[in-house]
1. Treat each spin label as a single point 7 Å out from the Cα along the C-beta direction, and report the Ala24 to Arg37 distance in nm.
2. Can you tell me the accessible area per residue over the chain, all protein chains present, probe 1.4 angstrom, in square angstrom?
3. List the trypsin sites (Lys or Arg not before Pro) within region 2-43 that fall in a DSSP loop (any state other than H, G, I, E or B) and whose Cβ has at most 13 other Cβ atoms within 10 Å.
4. When the Cα atoms of the chain are enclosed in a convex hull and the volume is divided per residue, what value in Å³ results?
5. Give the long-range amide H neighbours of Leu68: residues separated by 5 or more places, or on another chain, with amide H under 5 Å away, using H modelled in the peptide plane at 1.01 Å from N.
6. Each residue of region 34-44 in order: what ³J(HN,Hα) in whole Hz does its phi give by Karplus 6.51 cos²θ - 1.76 cosθ + 1.60, θ = phi - 60°, with x for Gly and Pro?
7. Label points 7 Å out from Cα along the Cβ direction at Glu80 and Thr63: separation in nm?
8. Of the heavy-atom accessible surface of region 1-57 (probe 1.4 angstrom), what whole percent is carbon and sulfur?
Amino acid sequence: MNNINSRVLHLLDDSMLSNPALEAKTGIKSTTWANLRLKKIRLNEEHLEAVIKLFPEYAYWITTGKDLPEAGQISPEIEETRKRLSTGT
């Protein structure tokens, strides 16, 4: 993922949260989330702040593309690996 926009879209896809669920959690309209996912609009500061509030453990990764596990800042890939290791799959 080369930029913040693509990392946020990746995270939204991985989270499997529907647009209505995102609206309920963030107060940002479902149609706005849909348009963001369809790349009809670009990520803005309001969207970024909402996503970081939902997923604070990914804040550093979202903004830099790097993880910092010693500070509790991980990527979705690290979380997926942790889940796989804990379930043995």
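1. 1.5
2. Each residue of the chain exposes 64 Å² on average to a 1.4 Å probe.
3. Lys29, Lys39, Lys40, Arg42
4. It is 101 Å³ per residue.
5. For Leu68, the qualifying residues are Gln73, Ile74.
6. Karplus-based 3J(HN,Hα) across region 34-44 equals 4, 5, 5, 5, 7, 6, 7, 10, 9, 4, 10 Hz.
7. Using points 7 Å along Cα→Cβ, the separation is 2.5 nm.
8. 51
The values are calculated or read from the model by the stated rules, or taken from the named source; none is laboratory data. Since the structure is predicted, the reported quantities are computational estimates derived from the model, not experimental observations. Because the Cβ atoms are built from the backbone with ideal geometry, glycine has one as well, and the counts that use them run over all protein chains shown. With ligands, DNA and RNA removed, areas are computed over all heavy atoms of the protein, side chains included. Shrake-Rupley method; radii C 1.70, N 1.55, O 1.52, S 1.80 Å.
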